[in-house]
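The values are calculated or read from the model by the stated rules, or taken from the named source; none is laboratory data. Just so we're clear, the structure is a prediction, and the values are computed from it rather than from any experiment. Heads up, the Cβs are rebuilt from the backbone with ideal geometry, glycines too, and the neighbour counts pull from every protein chain shown.
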There are 2 protein chains.
Amino acid sequence: MKTLVIIAHPKYDNSMTQAFLKSCQKDIDSVDLLVLDREYPNYDFDVKKEQKRLIKYERIIFQFPLYWYSAPAILKKYQDDVLTRNFTYKDEYGCLDGKELGIVTTLGEPIHHYHDGGDEAFTIDEIMKPYHALAHKAGMKFLPIFSISQFNYLTEHGKVKLLVRYRSYLTNSHLNSFKSEQLWYLEQLQLIREHISEDKKAGMDMLLDQIQSNYDKLDELNWELSMIKEKEDE
Amino acid sequence: MKTLVIIAHPKYDNSMTQAFLKSCQKDIDSVDLLVLDREYPNYDFDVKKEQKRLIKYERIIFQFPLYWYSAPAILKKYQDDVLTRNFTYKDEYGCLDGKELGIVTTLGEPIHHYHDGGDEAFTIDEIMKPYHALAHKAGMKFLPIFSISQFNYLTEHGKVKLLVRYRSYLTNSHLNSFKSEQLWYLEQLQLIREHISEDKKAGMDMLLDQIQSNYDKLDELNWELSMIKEKEDE
């Protein structure tokens with residue numbers, strides 16, 4: 001699965017959050033970045049080039065800081081220009097049909113402000129409906145929104161957790177399943193194992209065995225559970 | 001009450017809908033237009049000038065065709081640039097606090113497509129949450145959204161109804177009240193009366209008397225109803 005991260009950020013080069021996110025994924029070959037503010041500082045899009053780019057990817061991510069409850073204007077200009085009706089509508093050529101659309105958004109306010117009665121009064125899911133509607137119209141699967149709240153206040157441990165979650169959001173082909181999440185972790189650890197020194201491999205193998213055995217046990221329990229349910233239904 | 005209509009439309013001069021809406025209000029002194037695409041074709045806003053403009057109005061309307069479930073990009077650029085945090089946030093200078101924010105949007109699809117299970121899957125109210133959230137943050141009252149669906153298919157009668165509704169949306173200071181709606185109609189008819197020929201005034205006076213008497217009767221019934229309710233509560 002190939003992933004394209006389309007970034008809208010008027011101050012991209014000065015953003016610590018964006019620099020961190022970039023460092024999180026720079027070793028992954030299946031992920032490419034498109035920084036709109038760099039490629040198109042005049043908002044003047046090469047429509048054909050960008051349409052050709054989009055069709056090469058299975059997962060498309062819009063990544064941006066939240067400005068007035070939406071992306072910075074340049075992403076809207078990209079949508080207005082590149083996502084032409086013919087190209088995008090599922091009931092026309094539907095060139096995005098079957099792909100996935102994800103949102104990575106960074107918030108200056110704490111995430112708990114985004115609730116009924118909170119300072120922001122609306123949830124992130126409510127605010128993002130225009131993107132969900134776009135995905136629906138294009139026949140794309142809309143992924144759960146990935147919010148990063150107040151990055152600058154994160155502890156080192158919080159940043160490591162963010163790194164893992166973000167890499168999974170870009171590359172895990174079944175984001176919504178706990179089972180697939182586990183398999184993804186096993187894969188990642190096996191990749192890391194190839195690059196560590198021999199003396200550390202024994203420790204890593206024990207960890208891998210433990211996770212694999214947990215995974216098998218859980219699989220078995222799920223199977224037993226499904227048998228019990230089947231009997232109840234008879 | 002003064003109203004500013006901020007229009008975002010990349011093809012403003014060719015739009016029949018926008019030409020119609022302009023003709024609907026051009027005689028009203030208390031309504032001004034700002035066509036963003038004309039004033040700022042390069043998206044390069046004069047922030048101070050636009051902030052000074054905003055504070056002169058009590059009602060601010062964003063008017064635009066719906067592009068990807070939002071306004072064309074130029075309005076977002078206006079928001080990102082002109083509505084600075086200091087100027088806008090209710091808990092900072094709050095220069096828009098107490099004003100009203102309205103949305104006039106034109107749709108290419110029938111309005112009944114904008115529903116759960118409809119072609120568009122989301123309602124206009126859901127899609128417009130980012131504007132509602134902006135109003136909330138600025139301490140502005142968010143007006144009911146004014147949607148115009150498939151203008152080109154409207155009959156002449158439909159257009160006349162639209163004209164009256166639109167004028168009311170721009171100038172009626174109490175949009176949500178039936179009583180105020182009636183008073184607004186009476187005012188409008190009295191204004192028209194001043195500009196018609198003497199021989200038609202008699203007919204107009206009969207009409208005005210009839211509406212005034214309906215209004216008085218309704219007022220009386222409402223009063224009686226409130227008396228009955230008061231007794232029931234005792």
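Structural remarks
- The residue that is nearest to the chain's Cα centre (by Cα), counting only those in the range B:43-65 that are within 19 Å of B:ALA19 (Cβ to Cβ) and without any contact (Cβ under 8 Å) to a residue 60 or more places away in the chain, is B:GLN63.
- Conditions (1) in contact (Cβ under 8 Å) with a residue 12 or more places away in the chain; (2) under 29 Å from B:PRO65 (Cβ atoms); (3) surrounded by 16 or more Cβ atoms within 10 Å (Cβ to Cβ); number of the one not met by A:TRP68: (1)
- The residues of the range B:155-196 that are more than 17 Å from the chain's Cα centre (by Cα) and basic (Lys, Arg), listed by number, are B:LYS179, B:ARG193.
- The helices (runs of 4 or more DSSP H) found entirely in the range A:121-183 that carry 3 or more residues being over 20 Å from A:ILE55 (Cα atoms) and away from every other protein chain (no Cβ under 14 Å) are A:156-171.
- Among the criteria (1) polar (S, T, N, Q); (2) in the same structural domain as A:TYR69 (by TED's automatic domain parsing); (3) within 19 Å of the chain's Cα centre (by Cα), the one A:ASN152 does not fulfil is (3).
- Taken as a whole, the range B:91-109 holds at least one residue that is crowded, with 16+ Cβ neighbours inside 10 Å, over 21 Å from the mean Cα position of the chain (by Cα) and in the same structural domain as B:THR17 (by TED's automatic domain parsing).
- Qualifying residue in the range A:98-112 (condition: assigned to a helix (DSSP H, G or I), at pLDDT below 95 and over 18 Å from B:MET128 (Cα atoms)): yes
- Elements of type helices (runs of 4 or more DSSP H) contained in the range A:21-86, each with 1 or more residues being more than 12 Å from chain B (Cβ to nearest Cβ) and not hydroxyl-bearing (Ser, Thr, Tyr): A:36-39, A:47-54
- Inter-residue pairs, beta-carbon under 6 Å, first of a type in the set (Gly, Ala, Ser) and in the range A:13-41, second not in a helix (DSSP H, G or I), 6+ apart: A:SER15/A:HIS9; A:SER30/A:LYS2
- The set of residues in the range A:13-42 being within 20 Å of A:LEU54 (Cβ to Cβ), under 19 Å from the mean Cα position of the chain (by Cα) and not aliphatic (A, V, I, L, M) consists of A:GLN25, A:ASP29, A:SER30, A:ASP32.
- Positions within the range B:114-128 being touching a Lys or Arg at 6+ places or on another chain (Cβ under 6 Å) and closer than 29 Å to B:THR84 by Cα, in sequence order: B:GLU126, B:ILE127
- Those residues of the range A:1-56 which are loosely packed, with under 13 Cβ neighbours inside 10 Å, among the hydrophobic types (A, V, I, L, M, F, W, C) and more than 30 Å from A:LYS159 (Cβ to Cβ), in sequence order: A:ILE55
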